[in-house]
1. Pick from A258, A17, A114 the residue whose mean-square fluctuation is largest in a GNM of the chain, springs joining Cα atoms under 10 Å.
2. Report the FRET efficiency, 1/(1 + (r/R0)^6), for R64 and A227, where r is their Cβ-Cβ distance and R0 is 45 Å, rounded to 0.05.
3. Along the Cα→Cβ direction, 7 angstrom out, place labels at D44 and R272. What is the inter-label distance in nm?
4. Over all directions, average the projected area of the Cα convex hull of the range 147-231 and note it in nm².
5. With N set to the number of residues, divide the alpha-carbon radius of gyration of the range 11-50 by 2.2 N^0.38 Å and report two decimals.
6. M8 versus D208, label points 7 Å from Cα toward the beta carbon: distance in nm?
7. Which whole-number value in Å² is the accessible area per residue of the chain, probe 1.4 Å?
8. Roughly what would the spin-label model give for L255 and A120, points 7 Å off Cα along C-beta, in nm?
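The values are calculated or read from the model by the stated rules, or taken from the named source; none is laboratory data. Since we're looking at a predicted model, the values are computed, not measured. Because the Cβ atoms are built from the backbone with ideal geometry, glycine has one as well, and the counts that use them run over all protein chains shown. With ligands, DNA and RNA removed, areas are computed over all heavy atoms of the protein, side chains included. Shrake-Rupley method; radii C 1.70, N 1.55, O 1.52, S 1.80 Å.
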Amino acid sequence: MAEPRKPMAGMPPAARAPRKTAPPGACDTHVHIVTASGEYPLWDGRVEDPVHGITFDEWLGIYRTHLDTLGFTRGVIVHSILHGTENDVTFEAVRRMGPGFRGVGLLPDGATQAQMDDFADRNMSAVRLNYVHGGVLTWDGARRMAPALADRGLHIQMLAHADRHLAEIADDVRQLPTDVVFDHIGWPADGLTVASEGFQALCALLADGQVWVKLSAVYRMCDAPYAATDALVAALIAANPERCLWGSDWPHLMLAGAGMPEGADLLDAFDRVVPDDATRQRILVENPARLFGFDT
């Protein structure tokens, strides 16, 4: 029986070239591959469907065009909750995209050694923890799992509101034996200011080399050309450019009122803030190669 339909996500705009394409070896560290074609089950609790009528193979083709047009040759595919807790669609996307690609997926509290082994064997690099909305992995569960993740070269990718959450968990983050990557410039919830205690805690963790941060999804916080987030992006880069990554968050799911962005505009916004070509090379190429284990 066909799955009940939900409101449909928007289609991302056709890719167009940015003012300055990414350099060879650059990695878009945050995208999602989804499909409503019936090839992979959707989660009953999802808030929307992927665009109807597009197969998994067709999404991979659109994704390749997105990368090629912006200049990226590597990528990290982050499992979308639209497909629930089964990682199969992400496993297959990573496999099909090949050696220059890694995945981030879901593991529950109390995941077994065998589950973590299988996860690592499939070129998955991290488990995702949603500290904002909750999910199958809790903060306590991630802390208990961290030594086993570290043994397998895996890290924790975390969605949190820096201004609400980072001050309370910063000391615990410092004690973890594995890397932690914070999504979406720390996704501040109470205003785009660098002055909050939580955002300053994120900058301090970065400065100490304790965490990484993705300079991604600024379109979820302000309208194009995204200048309202420039100060936050600049502060994170200044704190530690060797721990910053860039991601497009393509194909821009669950917008919740945000405007549909264009990948070129997002890369242009990053380029407006990044101070020089050497730092750009570090964030787009060298840092992801180090974290995700790509050849340099």
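1. Highest fluctuation of the listed residues: A114.
2. Here the calculated transfer efficiency is 0.90.
3. Those two pseudo-labels are separated by 4.5 nm.
4. Working: hull surface 22.0 nm².
So the Cα hull casts an average projection of 5.5 nm².
5. Scaled against compact globular proteins, the figure is 1.69.
6. It works out to 4.9 nm between the two label points.
7. 41
8. 4.1
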